[in-house]
Amino acid sequence: MTEQSDPMSYPAPPPAPPSAVYGVPTPYASWIQRVGGYLLDILILIPAYLVIFVGAGLASTDNTGLRSIGLVLTLLGYVAVFGVLIWNMIIRQGRTGWSIGKQVVGIRLIAERTGQPLGAGMTFVRLLAHFLDSLACYLGWLWPLWDQKRQTFADKLLRSVVIVQQRPETPRRWPVRSVRMTRCSVMPPSTT
């Protein structure tokens, strides 16, 4: 008597080839590309830090009015820093794989198994897991220098990789229409 398989089950997927897992390309981002992207992500915060600096200076004066303005500026600066960090490093990078810095440098954060962006939740967990990179004298931050997949400890833990991939051009949301200039006459034509 032959064994019958369950008609509701699907066959197991074939194993992934050893060179690429589920279609993830192998050009992993170099350590210097990763550092460059991170530095650009920090540089975009400079205007907010300047607001904090000016606000802290005003808050340290003896003038009550200036002190109040300084405290408000300092608070707004911190809100801007955290807002931009959350939007850029967690939400944007989680949805697309590109933070602003990564996009400029041409690298992308993806899940190793699927080749898709991690999502905002896992990107936040990855950001927290970077604490492990700092534990052993910051060795985890240097790990991509000699790792085959150029992963930090946080990347290994979350099974994420950073690859070289430019963001494709996207069409503009509001196309710019060309304006045709025509000659228009204010004076009626002469009858001579």
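Every number in this text was worked out from the coordinates using simple rules, so none of it is lab data. Since this is a predicted model, take the numbers as computed values, not measurements. Cβ sites come from the backbone with ideal geometry, for glycine too, and all protein chains shown count toward neighbours.
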**Study point:** Cα-centred dipole magnitude for the range 31-164, charges only on beta-carbon of K, R (+1) and D, E (-1), debye, nearest 20
**Key:** 480 debye
Review point. Along the range 155-162, what does the Karplus equation 6.51 cos²θ - 1.76 cosθ + 1.60 (θ = phi - 60°) give for ³J(HN,Hα), rounded to whole Hz, x for Gly and Pro?
Key: 5, 5, 4, 9, 6, 10, 9, 10
Point to revise | Additional length obtainable on full extension of the chain from A56 to E169, 0.36 nm per residue less Cα span | key: 36.6 nm
Exercise for review: Take the alpha carbon gyration tensor of the range 71-139, find the square roots of its eigenvalues, order them as a ≥ b ≥ c, and report rounded if a/c is under 1.5; if not, report prolate when a/b exceeds b/c, else oblate.
Suggested key: oblate
Revision key, fill the gap. Scalar couplings 3J(HN,Hα) for the range 86-91 by Karplus 6.51 cos²θ - 1.76 cosθ + 1.60 (θ = phi - 60°), nearest whole Hz, x for Gly and Pro, are 5, 5, 6, 7, 10, 6
Review point. What are the residues whose amide H is under 5 Å from the amide H of I107, where those residues sit 5 or more places off or on another chain and H is modelled from the backbone?
Key: Q165
Check your understanding: Quick one: Cα centre-to-centre distance for the range 39-89 and the range 97-132, in angstrom?
Key -> 27 Å
Check your understanding: Which order, highest average first, do 104-116, 121-133 follow once you tally other Cβ atoms within 10 Å for each residue and take the mean per peptide?
Key -> 104-116, 121-133
Review point. Under 5 Å between amide H atoms, partner at least 5 residues away or on a different chain: which partners does S160 have, H built in plane at 1.01 Å?
Key: E112
Exercise for review: Rounded to whole Hz and in sequence order, give me ³J(HN,Hα) for the range 108-117 from the Karplus expression 6.51 cos²θ - 1.76 cosθ + 1.60, θ = phi - 60°, writing x for Gly and Pro.
Suggested key: 9, 8, 9, 6, 4, 7, 9, x, 9, x
**Study point:** Inter-label distance for V104 and L39, nm, one decimal - labels placed 7 Å from Cα along Cα-to-Cβ
**Key:** 1.1 nm
Exercise for review: Could you rank the peptides 148-155, 62-69 by their average count of other C-beta atoms within 10 Å per residue, with the highest value first?
Suggested key: 148-155, 62-69
Exercise for review: Would you please calculate the Kirkwood hydrodynamic radius of the range 31-164 over all C-alpha pairs and express it in Å, rounded to one decimal?
Suggested key: 16.1 Å
